[in-house]
């Protein structure tokens, strides 16, 4: 008779999501002294992986990455869901809680197709579907033209190889988890700010499931949690959604957190920056930073934060 698994983990079925689920399982088994069979993986093809010809904001936003897993989690089919946290909506159902944040990987973006932004040829065509990447690129290189790139890492690299664009951006953490860490060139995060929660794997469970929360607590990484909680608090305070161009970087510095953020107009012509150092957990300071950013933003930028998730 087969022994039932101790924990059932849901994940998207994409190669990167599966790599993240395998990492989560390995950490759980190491922390608890389990055999690999103690954690069963339940892959699902998410809605966001099915429609690739339109921007995410047009077809339902970040909820398309979590919808199927949320249903399974709510119904008790799985005990927890593994997510790339930057793809998870800022406001989540009260029925769920973030049981663990794994040690955060490389937060940077990598530029594929050129060794630096300065080395992009004049009027280069660059593929991305992320408003943050598009606006930040146009802010630094207004001569470039952005075309939409959606799909997993292999799909986007394939589009690049097919000549649909001369360059694109990919998250360094995702490339590393796929064993492709040498692809492209890392962009300096002080010059090119990443997405909120980039590089962070989150494991979500039911808020009323004390057993699973206790099991997940063994792999929770407090420093990474502090960073992403601050970055997500900024998103919540801004009210930004999928169409909002928000870039943010939070790092531990001298016993405190240092957070840098920038908001952009869609065309990249306008940019507002702010920076703050604060004690971990002091999310009020983050809310004040958000208010400061919006107070200094133009109508073109503020319009992206009105009535959005």
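The values are calculated or read from the model by the stated rules, or taken from the named source; none is laboratory data. Values in this document were obtained by computation on a predicted structure and should not be read as measured data. We place every Cβ from the backbone using ideal geometry, glycine too, and count neighbours over all the protein chains shown.
Data table
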quantity: Residue, surrounded by the fewest Cβ atoms within 10 Å (Cβ to Cβ), within segment 116-131, restricted to residues that are within 14 Å of residue 191 (Cβ to Cβ) and touching a residue at least 60 places away in the same chain (Cβ under 8 Å); calculated: 116
quantity: Matching residues in segment 135-151 - criterion: being farther than 14 Å from residue 166 by Cα and crowded, with 21+ Cβ neighbours inside 10 Å; calculated: 135, 136, 138
quantity: Segment 149-165, residues that are within 26 Å of residue 263 (Cα to Cα) and either at pLDDT 95 or above or more than 18 Å from the chain's Cα centre (by Cα) (or both); calculated: 165
quantity: Residue among 264, 278 that alone is touching a residue at least 12 places away in the same chain (Cβ under 8 Å) and within 22 Å of the chain's Cα centre (by Cα); calculated: 264
quantity: 3 or more residues modelled with pLDDT of 95 or more and within 22 Å of the chain's Cα centre (by Cα): qualifying helices (runs of 4 or more DSSP H) within segment 1-105; calculated: 15-32
quantity: Exclusive hit being more than 30 Å from residue 237 (Cβ to Cβ) and touching a helix residue (DSSP H, G or I) at 6+ places or on another chain (Cβ under 8 Å), set 101, 78; calculated: 78
quantity: Every residue from segment 132-181 that is part of a loop (DSSP other than H, G, I, E, B), within 19 Å of residue 12 (Cα to Cα) and touching a residue at least 60 places away in the same chain (Cβ under 8 Å); calculated: 150, 151, 152, 178
quantity: Which numbered condition residue 189 misses (of (1) surrounded by fewer than 22 Cβ atoms within 10 Å (Cβ to Cβ); (2) under 30 Å from residue 287 (Cα atoms); (3) out of contact with any helix residue (DSSP H, G or I) (no Cβ under 9 Å at 6 or more places or on another chain); (4) at pLDDT 95 or above); calculated: (4)
quantity: Residue match in segment 205-214 (condition: touching a residue at least 40 places away in the same chain (Cβ under 8 Å), surrounded by fewer than 22 Cβ atoms within 10 Å (Cβ to Cβ) and assigned by TED's automatic domain parsing to the domain that holds residue 265); calculated: no
